[in-house]
Each structure stands twice: as C-alpha cells, then as structure tokens.
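> Attaching a single structure in structure tokens format; questions to follow.
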Amino acid sequence: MSLPAAGPKQHGVECGVLRSLSVSQLRKFALCERAWFFAKVLRLPERPLKARELGTAVHAQLEHYLRTGQDVLGPLAAAGKHLLPASGPDLLVEEHFGRPSPLFADGIPLTGYIDLVNPRRLAEGVLRVTDHKTTKSIASYAATPEQLASAAHDAGIQMVGYGYWAVLAAERFPGLKRLELEHLYFQTHGARLSRSVIATVSVEHVRDQWHTHVEPMAHRMRDAARATFPSQVKPTWSACQKYGGCSFQAQCLNSQSQGSKPMALMDRILKPQTPPTQPVASAPAQAAPELELAAVLPPDAPKSDPTLASIPAPEQAGDEPPRRKRRTKAEMEAARADEPTRPVADSLSLYVDCVPNCPAEPLAGYVGRMVAKIEQECGVVDIRVAPNDSALAYGKWKGVLAATIRAEPPEPRTYAALGVAGSELMQVAVEALEPLCGTGHFVRGVR
C-alpha cells in the first residue's frame, strides 16, 4: 500500500503526554509498567541482544522470499518454508497500519507493521494474520491458541490488535467473518524446527477483547506517562529475567527512594519495633530496643510484617546506665580486637524478590557471566539444553553452576535478585549464595 511521506519523527510520549502507541509498547507495559516508563518516557537506551539481531535477520529473509519468491532463506528460516504461503502480489507483507491508522486505544492512535496478512480465503470470510517468531525453544516458549486469542496474555495483545486492525479496515477486507491469528515459530537452538500455532476467532471476539483489556491499559499508560519519577510507576519483579533480562534493572533498583521525602540513612535502614505510641519514659530500662531491617516488598505481595533481620542488644556487665555513653576510641579498638575474624563472604548482602533501601546491583549480571563462562568451557550454547553426551545434560548443569558460584562468589556488596521464580538460573544462584551471606544479610521477599 502507498503511504504519504512521513513527517518529522515523533516520540510516543512527549512532555508527559501519550501521543501514539504500538503493540510492542502495549506488550512492554503489560509485562512491566516501570520498564515501559524507562524506555518510552525517559527514553533510556536498551542493550542490544544477540537473539534480537538474529530475529531481525530471519525476518528480513522471510520478507524477501514472500515478496519475490527468491529463496534466500537461511537454515533457520528454511526449516519453516513448508509452512509459508507461496509468494504473490496478493499477499500483504510487512503491512503498515496506515496513516491515519484506523486502530485506536483510549483515543490514542496505534502505528506499526504486520509481518504477513494473507487474504486468499477471504471469499470464505477468513483472513489470516501472521507474526513470525524466533525462539530458543519452541516446546518451552511457544504460545498456545488460547493465549493468542486473549488480550489478557502477552502474545494475545499483539495478535488481537492485528486482528482488530483488520476488522476496522473493513473496506479492504469485505465479507470478513473470522480471523486466523498465527504465530509461526522458528527455533534457533538445537534442532532446526518450526511450528504454526493458530487461533481462529470471530470479528466480535477481537472487538470484545480489545475493549475489555487494551482500552483500560491504554488509560493507565496515560497516567504513567505523566509520572515524574520511576518510583511512581508500578514494577513487576517477576518480569526482570524474561526475554533475556530487563535492560533497566540497575536503574530500577536504585530509583526506589526517588521522589520520596529525604530521611536519615539509619532511619531508612533501621526501624524500631517499639510502637511509637508507647511513651519512652514508661518503658522499663533495657540494653537497647530490638531492631529490624526494612525492605521494600513487591506491590502485589500480601500484607505482612515479617522480621527480616534483627540486631541483638549488646551484653554489658553490671547495671546499664539510663543513657548510653559514647565509647572512647581505645574502647572501640579493644572491642574489635576481641571479635572473631569475619569471613569475607559475610559482607555479601542479597535481597531476593525485594528491594533494599540502599543502592544495590542486579545479581543477574554476575549470574550471566558465570553462565557464559560455563558455556564457553563446555562448548554449549545454553547450559540448560546441553546435548545428551555433555556433562551438563539431564539437569547436571544446576550442580555445575552452583559449584562455580561457590568457588567464585561475587564481589562483597549489596545485590538484588529479582524475578527469581521465573528463572531457573537465578534460583540456583540464590540457593548457592545464601550460605555465603552472613546473618541478616540474606533477605527474601514474602508473598
């Protein structure tokens, strides 16, 4: 289709106003609202992923083949050649939504491209809309037909949006009654495999899904676009390790206190257990109130008040004076000399699925380096799908990874492990590091 010349490039969010959307924006926001804020509102760059570059190359080969019929397909794309339609001028390849786009969400126009629109069964009232997908493992990551048909699911947001675009472009697809929403998968690791997953839905179905799920989401995106600080936008910790890991973990961890009222460091870290309403004078004299370590739990965690860490009261001989006196330098040095030597690993602090009120480094970076080291030494592309004759096969990679982490622990500092439930690699790493953290230095979010 011919398009008018595009004007100056406009950003989706400008000055806190959401001006345009895309299905990729909707999917990112549904996955994690704060990640969307970093990418689209603050416009922070995302790190390049090798998997994304490979997917781009496969898409380019498929586009050329469908447009021209010339077989330029590489080994990955060729595995699914039998699932592709024959090329022809009637196929709509890399079809643009159009200017203006007929598709809106909460009054905001959507822009984008569709990999393939096949109208060859339109005489029967059927239109097939296809998105090409590259994935490490089809068996593990391919969506189901039910997920493609539901805009409450990540994959369904995209495919329902494509289907509803076709419904709104009724003059181009007369007689449309049913839509075949297809993901065509190409496996990038192991055997060269491909698979077609199709959800057949009615015109009414995609319309209902769009208005029920996507319209309210777009309204929330308007509100998030007006936020000033990342801490004002809801994060989804379970998404931190998905799709190769979030690019904004470090910024996210260290943004928790932005926009909040400044407070003393000790007030941020330590919180007395004594109820504030109890007069201090009426409390019996004691060595020191018990203290607990405060942590920021995920917003979707149930209400709870667990004691995350405590500091015991110091033992003193004789009666304690009513007011603690500051120790002299000589007394402090003598006390340190009497203390047992503390292992270096005890200075590791690890927060699992919760965020400390102090700067922290994502554990995912360290885990990624350890995994890459094992993959290089063992000559595999992914330790989780190693060949049967490998020392990592049949789940043995877990023991190898744990042993590697214990032998080469991370530098002593504060780390946060987010989205652990969704990553076997992170689960193994957390279990291996827990014994290396001292008392009170390992904190797990309560759900």
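> Hey, what did segment 372-437 get for relative contact order, percent, Cα under 8 Å, at least 6 apart?
For segment 372-437, the relative contact order is 23 percent.
> If you take every residue apart from Ala77 with its C-beta less than 11 Å away from the C-beta of Ala77, what net charge results, scoring Lys and Arg +1 and Asp and Glu -1?
0
> Take the residue pairs Lys133/Lys234; Lys234/Lys373; Lys50/Lys133; Lys40/Lys81 and return only those whose Cα atoms are more than 25 Å apart.
In this structure, Lys133/Lys234; Lys234/Lys373; Lys40/Lys81 lie more than 25 Å apart at Cα.
> Let me ask something else about it. What does the C-alpha gyration tensor say about the overall shape of segment 131-193? Classify as rounded when a/c is under 1.5, otherwise prolate if a/b is larger than b/c, or oblate.
It is prolate, given that a/c is not under 1.5 and a/b is the larger ratio.
> Beta carbons within 10 angstrom, averaged per residue: use that to sort the peptides 23-30, 432-439, highest first.
Per-residue Cβ counts within 10 Å, averaged per peptide and sorted highest first, yield 23-30, 432-439.
> Just want to confirm a number: the relative contact order over segment 66-131, from Cα pairs under 8 angstrom separated by 6+ residues, in percent.
Computed value for segment 66-131: 26 percent relative contact order.
> Separate question: Extending each Cα 7 Å along its Cβ direction at Arg220 and Ala391, get the distance between those two points in nm, one decimal.
If labels sit at Arg220 and Ala391, their model points lie 4.7 nm apart.
> Ignoring ligands and nucleic acids, what accessible area does His82 show with a 1.4 Å probe (Å², nearest 10)?
It works out to around 140 Å².
> Expressed as a rounded percentage, what relative contact order does segment 79-229 have, with Cα pairs under 8 Å and six or more residues apart?
Result for segment 79-229 is 25 percent.
> Just report the Cα centroid separation between segment 404-447 and segment 106-152, whole Å.
38 Å
> Under a point spin-label approximation (7 Å from Cα along Cα-to-Cβ), what is the Gln10-Val72 distance to one decimal in nm?
3.3 nm
> Continuing with this model, one more query. Find how much the distance from His189 to Ser140 grows on full extension, using 0.36 nm per residue of separation minus their present alpha carbon separation; answer in nm with one decimal.
16.5 nm
> Between Arg120 and Leu83, what length comes free when the chain is fully extended (0.36 nm per residue of separation minus the Cα-Cα distance, one decimal in nm)?
11.8 nm
> Mind grabbing the accessible area of His96 for me, 1.4 Å probe, Å², rounded to tens?
Counting only protein heavy atoms, His96 exposes about 10 Å² to solvent.
> Can you compute the charge dipole magnitude of segment 353-403 about its Cα centre, using +1 on each Lys and Arg Cβ and -1 on each Asp and Glu Cβ, nothing else charged? Give it in debye, rounded to the nearest 20.
The dipole magnitude comes to about 100 debye.
> So if we plug the beta-carbon distance of Ala407 and Thr56 into 1/(1 + (r/R0)^6) with R0 = 35 Å, what FRET efficiency do we get, rounded to 0.05?
Efficiency, rounded to the nearest 0.05: 0.40.
> Still on this structure: What shape does segment 103-224 take by its C-alpha gyration tensor, where a ≥ b ≥ c are the square roots of the eigenvalues and a/c under 1.5 counts as rounded, a/b above b/c as prolate, and the rest as oblate?
oblate
The values are calculated or read from the model by the stated rules, or taken from the named source; none is laboratory data. Everything numeric in this text was worked out from a predicted model, so none of it was measured. Heads up, the Cβs are rebuilt from the backbone with ideal geometry, glycines too, and the neighbour counts pull from every protein chain shown. Each accessible area value is taken on the protein alone, full model and side chains, heavy atoms only, with ligands, DNA and RNA left out. Shrake-Rupley method; radii C 1.70, N 1.55, O 1.52, S 1.80 Å.
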